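The values are calculated or read from the model by the stated rules, or taken from the named source; none is laboratory data. None of the values given here were measured: they were computed from a predicted structure. Cβ atoms come from the backbone with ideal geometry, glycine included; neighbour counts cover every protein chain shown. Note: accessible area is taken over every heavy atom of the protein model, side chains too, but ligands, DNA and RNA are not part of it. Shrake-Rupley method; radii C 1.70, N 1.55, O 1.52, S 1.80 Å.
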Amino acid sequence: MKIKFTKMHGAGNDFVVLDAVNQAISLTPAQWQFIADRRFGIGADQMLVVEKAQGAGIDFRYRIYNADGGEVEQCGNGARAFVRFVTEKGLTDKRAIRVETMSGVIEPRLEDDGQITVDMGAPILTPADVPFDSHGLQHRSEAEDNLWPLDVAGKTTWISVVSMGNPHAVQLVDDSEAAPVLTDGPLIEHHPRFPKRVNAGFMQVVDRHHINLRVYERGAGETLACGTGACAAVVAGIRRGLLDSPVAVQTHGGVLNIAWAGPGEPVMMTGPAVTVFEGEIDLPDQL
């Protein structure tokens, strides 16, 4: 099976983007894993699928598959790549589009300077809706946020739980570079308190408008940048009284700019999206 693809990245978070408007795409989890494999396939953190819209007033449908082959609800950096892709491919002549995802509608917009801003919607802050099982736990209040204790590797880690359409556990660290991302990240991702697993964020506050951030992503491991993770970290930092909007989020792959006006308001994310190359892969039918 031959499939045309475009390789893209948003601040180093890299994607294989597939046009399902002009070609049929129906792959197994093993085939998604093959595409994501950096030695035997193309290599990517996530695969993004562009489909025709199913609802009224919507321009496209956006589906996301992680490197482990599982479909997930949201990907912020991918949303920026999405609008770059549909614009470059001539699938739309709009600079702002409405896109339906598993978790709702997002609105990415191509700016005059080439950056892309995405209205990521309002964050979900109720633990059960993230989802996070807080039963039997005693939270600790900090400004407007509730911090929850999580048993990780025999120690208590205090986290903020936020959903940006996908679940995030954000913890404050003194030095993001020294943080145990690769050891504690997978333990948090698979913690039984998170029934749908979780993205684990390690946030270092530099000043009230700057943070350093590393994220161990659900189904992908640590990535160079995580757009929804940046949004979740800024929301958590503002709610804890540590940050003021807007916030520049420094990741290993670049800077994302996040603005949030408070509860009930949408999170706005601005950053780059770059096309790297295009190609065609002969995908094995049986894996």
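Things worth noting here:
- Solvent-accessible ranking of 177, 217, largest area first, probe 1.4 Å: 177, 217
- The chain - accessible surface per residue (Å², probe 1.4 Å): 42 Å²
- Residue-wise HN-Hα couplings along region 194-200, as the Karplus relation 6.51 cos²θ - 1.76 cosθ + 1.60 with θ = phi - 60° gives them from phi, are 10, x, 10, 6, 7, 8, 9 Hz; Gly and Pro carry x.
- Karplus-derived 3J(HN,Hα) values for region 108-113, using 6.51 cos²θ - 1.76 cosθ + 1.60 with θ = phi - 60°, are x, 9, 7, 7, 5, 8 Hz; glycine and proline are entered as x.
- Size of the chain as Cα extents on the principal axes (Å, biggest first): 52, 42, 34
- Residues whose placed amide H lies under 5 Å from that of residue 122, excluding near-sequence neighbours: 267
- Three semi-axes describe the equivalent ellipsoid of region 228-280; taken as square roots of 5 times the Cα gyration tensor eigenvalues and ordered largest first, they are 27, 12, 8 Å.
- In summary, the lysines within cross-link reach of residue 155, defined as a Cα separation below 25 angstrom excluding same-chain residues under 8 places away, comprise 196.
- Measuring only protein heavy atoms, the 1.4 Å probe finds residue 87 accessible over about 50 Å².
- Charged side chains reduced to their Cβ positions (Lys and Arg at +1, Asp and Glu at -1) give the chain a dipole of some 280 debye around its Cα centre.
- Annotation: amide H of residue 147 within the under-5 Å range of 140, 141, 142, sequence separation 5 or more or interchain, hydrogens built in the peptide plane.
- With every protein chain in place, region 26-73: carbon and sulfur % of accessible area (1.4 Å): 46 percent
- Here the dipole of region 31-133 is about 380 debye; that uses its Cα centre as origin and unit charges on the Cβ of Lys and Arg (positive) and Asp and Glu (negative).
- Rolling a 1.4 angstrom probe over region 178-261 with all protein chains present gives an accessible area of which 56% lies on carbon and sulfur atoms.
- Selection from 157, 212, 83 lying farthest towards where the dipole of the chain points positive, charges on Cβ: 83
- Rolled with a 1.4 Å probe across the full set of protein chains, the surface gives residue 42 an accessible area near 30 Å².
- Entry for region 14-60 at q = 0.17, 0.19, 0.23, 0.32 Å⁻¹: log10 I(q)/I(0) = -0.55, -0.65, -0.83, -1.15, Debye formula applied to identical alpha-carbon scatterers, no solvent contribution.
- When the residues 102, 268, 47 are ordered by accessible surface, computed with a 1.4 Å probe over the protein chains alone, the sequence from largest down reads 102, 268, 47.
- For the chain, the 222 nm mean residue ellipticity estimated from helices alone, with every DSSP H stretch of n ≥ 4 adding -39500 (n - 2.57) and the total spread over all residues, rounds to -4500 deg cm²/dmol.
- Near the amide H of residue 243, within less than 5 Å, lie the amide hydrogens of 238, all on another chain or at least 5 residues away, with H placed in the peptide plane.
- The share of alpha-carbon pairs in region 197-238 lying farther apart than 14 Å comes to 40%.
- On Cα atoms only, tilt of 76-88 relative to the major axis of the chain in degrees: 20 degrees
- In Å², nearest 10: area of residue 89 left accessible to a 1.4 Å probe: 90 Å²
- Listed by chain and number, the lysines whose C-alpha is less than 26 Å from the C-alpha of residue 2, apart from same-chain residues fewer than 8 away, are 52, 89.
- Carbon + sulfur, % of accessible area of region 74-162 - ligands and nucleic acids excluded, 1.4 Å: 45 percent
- Compared with the dominant principal axis of the Cα atoms in the chain, helix 227-239 is inclined by about 20°.
- Put the Cα centre of region 75-131 next to the Cα centre of region 181-260 and the gap is 18 Å.
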